[in-house]
Amino acid sequence: MLTLFTTGKPFVGHNGVIQRNALKSWTLLHRDVEVILFGNDEGAADAAKELGIRHERHTEKNETGLNRANFLFGRAQAIARHEILCYSNCDIILLQDFRSAVEHVAAAHRQFLMVGRRWDTDVTQSRDFTSPDWQTRLRNLALQTNNQRTPDWIDYFVFRRGLFTDMPPLVVGRPFWDNWTVWKALDFKTPVVDASRAVVAIHQNHDYRHHPGGLQGVLTGAEGGENHKATGGWRHLRTIADASYVLHADGLKLKPNFTRHWAAVKRYLRQAGRVALYRLCQPVWFFLLGITRPLRNLLGLRATPIRRSAEKV
């Protein structure tokens, strides 16, 4: 049916709660689903045993200890029982609408990549998965919270074995590696399906204490910069908005995504703005500062005195 694979943080505290919630929800998608947990983080082995899922202790890491996506994707495709695989972040709860979407997209396309936007939701406790209405409760909670992330945030990737065989040395948990996967599928002329309308993928909110700089550190830190460099830059980055198809809200109709062209226009306009700022505006500004420095010094128009005057006022 489907093999899901992931890696997570240590299974302690709130992270332990939400990761167990996510993994448990995956095991309930289908009686023949396979779940693989990568990594030897604290509590991972116990969680895998408790949930009856496969545990792969070994991962390849970068110099700061982050897991490499190229190893995870390569190893998962080599050992998975099923031809269709899904990498998902370990804090995402998936419901039966996800399974239905996968089945429909897989029936429509031999090779594909299915992605979708997540719904940020506060989940603080272990969920009761024995309750017959657990899915309805979680779905309603997410929809009532009504905080669906933008297309830049990509948390799950469904594909058929063989799509990702030459991934560069990217690390998960930092920006840009997810955007590269969308670009790569499109570069292969593989249909990319946006399932955001059909799938309520529930992201359980958490803090970012694992990084000294918090969320801002995760988004702007050196590892993200290394990912950006390894992808080859902005030309090799795409978002969910660039998907070639959209899955209808009922999960049964696939339609061409005509708005993807507007996403491309906005991307090139943003890049043109960056080029204009850094290659035109800034050099001109510093040139003007240079040639006017003698006059500004003569008139006492230096930055430090101006700031001090403003502070006195």
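Read-outs throughout are calculated quantities, based only on the coordinates presented, and are distinct from any laboratory measurement. Model, not experiment: these values are computed from the prediction. Methodologically, a virtual Cβ is constructed for each residue, glycine included, from the backbone with ideal geometry; neighbour enumeration extends over all protein chains shown.
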Residues in segment 78-117 reached by a label modelled at THR136 [backbone nitrogen below 16 Å; 7 Å Cα→Cβ]: 96-97
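Report, in listed order, any pair from LYS61/LYS266; LYS24/LYS255; LYS189/LYS266 with a Cα-Cα distance greater than 24 Å. Don't skip to the end; give the middle numbers.
Details: LYS61/LYS266 35 Å; LYS24/LYS255 32 Å; LYS189/LYS266 22 Å.
Result: LYS61/LYS266; LYS24/LYS255 exceed 24 Å.
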If you split all Cα-Cα distances of segment 1-136 into 10 Å bins from zero, what percentages do you get per bin, shortest first? 11, 42, 37, 10, 0
Roughly how many whole Å is it from the C-alpha centroid of segment 112-150 to that of segment 228-259? 22
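Note the full-extension length gain between MET1 and ALA263 as 0.36 nm times their separation in residues minus their Cα-Cα distance, in nm to one decimal. Could the numbers behind the result be given before it?
Working: separation 262, 0.36 × 262 = 94.32 nm, distance 3.32 nm.
Extra length available between MET1 and ALA263 comes to 91.0 nm.
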Of the listed peptides 92-99, 157-164, 47-54, what is their order by residue-averaged count of other C-beta atoms within 10 Å, with the highest listed first? 92-99, 157-164, 47-54
Return the whole-Å distance between the Cα centroid of segment 1-73 and the Cα centroid of segment 178-201. 22
Exposure proxy check on GLU103, GLU223: fewest-to-most Cβ neighbours within 10 Å is GLU103, GLU223
Over segment 26-66, with a single point scatterer placed on each C-alpha, what log10 of the ratio I(q)/I(0) does the Debye formula yield at q = 0.15, 0.21 1/Å? -0.42, -0.69
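At a 10 Å Cβ-Cβ cut-off, how would you order ASP207, ASP166, fewest neighbours first?
Numbers: ASP207 11, ASP166 7.
With the sparsest Cβ surroundings first, the list reads ASP166, ASP207.
Nearest-5 percent of antiparallel DSSP beta bridges in segment 3-257? Kindly include the intermediate steps, with their values, before the conclusion.
Details: 15 of 35 bridges.
Taking every DSSP beta bridge with both residues in segment 3-257, the antiparallel ones total about 45 percent.
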Footprinting exposure proxy for SER126, SER196 (fewest neighbouring C-beta atoms within 10 Å first): SER126, SER196
Could you tell me the calculated FRET efficiency between GLU42 and LYS255, based on Cβ-Cβ distance and R0 = 30 angstrom, to the nearest 0.05? 0.10
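Work out the FRET efficiency for ARG293 and TRP234 from their Cβ-Cβ distance, taking R0 = 30 Å, and round it to the nearest 0.05. Walk me through the numbers before you get to the answer.
Working: r = 35 Å, r/R0 = 1.16.
After rounding to 0.05, the efficiency reads 0.30.
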Length gained, THR64-ASN146, 0.36 nm per residue minus C-alpha separation, equals 26.0 nm
Averaging over all projection directions, find the projected area of the Cα convex hull of segment 3-257 and quote it in nm² with one decimal place. 12.6
Sorting check: for 169-180, 71-82, which peptide has the highest mean count of neighbouring beta carbons within 10 Å, and how do the rest follow? 169-180, 71-82
For peptides 19-27, 134-142, sequence by mean Cβ density within 10 Å, most packed first: 19-27, 134-142
